[in-house]
Amino acid sequence: MNSTRTLSFEFFPTRSEEGRAKLAVTRRQLRQFSPQFFSCTFGAGGSTRSGTLQTVTDIMQEGMPAAPHLACIGARRHELLEILDGYKALGIKHLVALRGDIPSGVGLSTADGLHYANELVEFIRKEYGDWFHIEVAAYPEFHPQSRSAEDDLRHFVRKCEAGADSAITQYFYNADAYFHFVDEVQARGVDIPIVPGIMPIAGFSKLARFSDMCGAEIPRWLRLKLQSYADDSASVKALGLDVVTELCDTLLAGGAPGLHFYTLNQAGLCSTVCQRLGLG
Ligand code: FAD
């Protein structure tokens, strides 16, 4: 990767010691690409609080910068402070600040809570100054709950104005959506790096379900082709690797400031894409 571009890999916390050991192997495999950091997701409402802490502690002990995600919805301010104090004590300097989504049916108090990511960024800046490099989420195909594209762009700009240092996007398979989004927010005065989030294609049905939920579009031609392979997972993976490598190539050639891979805790497909891009 060109020295001004960033590469990062995202994991989710595991539940068992066996999963933790497997994740350590995945990280070792991905380190050959010299990423800037590894990030770890956080279950909104604190459901993975200890798992996220464990994972970022493991990452830091391996000598890699870790970026824990932190979701504010359903959390009280004192809980957020406890978590952030813990990260600061560990020497963590990088965060992904989010609103998060509360799983349905979970009732949580929001008495003194924060409702949107821009409030969380503001809160972190007020309490910790410039200690943390703060990433926020961006949605080139727009957030599924936004009332309109314009509204979503406006809310993204608010997160930047609140003090975000950079952004990572939701995944997408249409490079034009990314370039259009970057143009739109730059026209509104945003100049932070917006790093595309990349989701390798491991299978069709799970990806389709998840994409419907999070508002990421699988282009019709790709959807139909993946669907036609049915249980032929080798063909799904082969096409997925071609599509995702070409997407990354197009993004980097068009000036994207780096790549952030959603690994789903697996090194295989991400490694192949990175090798094909000549990053290894
Ligand atoms: P916000 O930026 O707060 O936006 C949420 C919605 O509210 C949008 O529709 C926006 O237009 C609207 N909005 C924003 N501000 C306002 C305002 N002030 N007034 C009115 N409306 C407003 N989820 C997790 O639970 N854990 C994770 O670890 C996690 N990691 C992620 C990492 C990345 C890179 C991305 C892209 C997403 C991640 N998510 C994670 C998912 C994310 O939490 C959800 O998409 C969530 O619904 C929105 O979070 P946000 O931070 O983008 O919210």
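Site pair Cys214 and Asp112 shows an inter-label distance of 3.3 nm when each label is modelled 7 Å from Cα along Cα→Cβ. Remark: the His133-His180 segment gains 14.4 nm on full extension, using 0.36 nm per residue and subtracting the alpha carbon distance.
Candidate membrane-span-like segments in the chain, meaning DSSP H helices with Cα atoms spread over at least 24 Å of their own axis and a Kyte-Doolittle mean of -1.0 or above, are 233-253, with no membrane implied. Between the residues Ala175, Ser235, Gly254, the greatest Cα displacement towards the positive end of the dipole of the stretch 137-269, with unit charges on the Cβ of Lys, Arg, Asp and Glu, is found for Ser235. Ranked by how many other Cβ atoms sit within 10 Å of their own Cβ, fewest first, the residues Lys126, Lys88, Lys237 fall in the order Lys126, Lys88, Lys237. The calculated 222 nm mean residue ellipticity attributable to helices in the chain amounts to -14500 deg cm²/dmol, summing -39500 (n - 2.57) over DSSP H runs of n ≥ 4 and dividing by all residues. Neighbour counts of C-beta atoms inside 10 Å place Glu17, Glu10, Glu184, Glu161 in the sequence Glu17, Glu161, Glu184, Glu10, starting with the fewest.
Would you mind ranking Phe42, Phe204 by Cβ crowding within 10 Å, fewest neighbours first?
The most exposed by this proxy come first: Phe204, Phe42.
Among the GluC sites (Glu not before Pro) in the stretch 50-97, those placed in a DSSP loop whose Cβ has at most 14 other Cβ atoms within 10 Å are Glu62.
Return the loop-located trypsin sites (Lys or Arg not before Pro) in the stretch 133-235 (DSSP other than H, G, I, E, B) with at most 16 other Cβ atoms within 10 Å of their own Cβ; answer none if there are none.
Arg147, Arg188
Starting from the Cα gyration tensor of the chain, take the square roots of the eigenvalues, sort them a ≥ b ≥ c, and report rounded, prolate or oblate (rounded when a/c is under 1.5, otherwise prolate if a/b is larger than b/c, else oblate). Rounded, because the longest to shortest axis ratio a/c is under 1.5.
Read-outs: derived from the displayed coordinates by stated rules, not from any lab. What you see is a predicted model; the values in this text were computed from it and never measured. Here the Cβ is made from the backbone with ideal geometry for all residues, glycine too, and neighbour counts use every protein chain on show.
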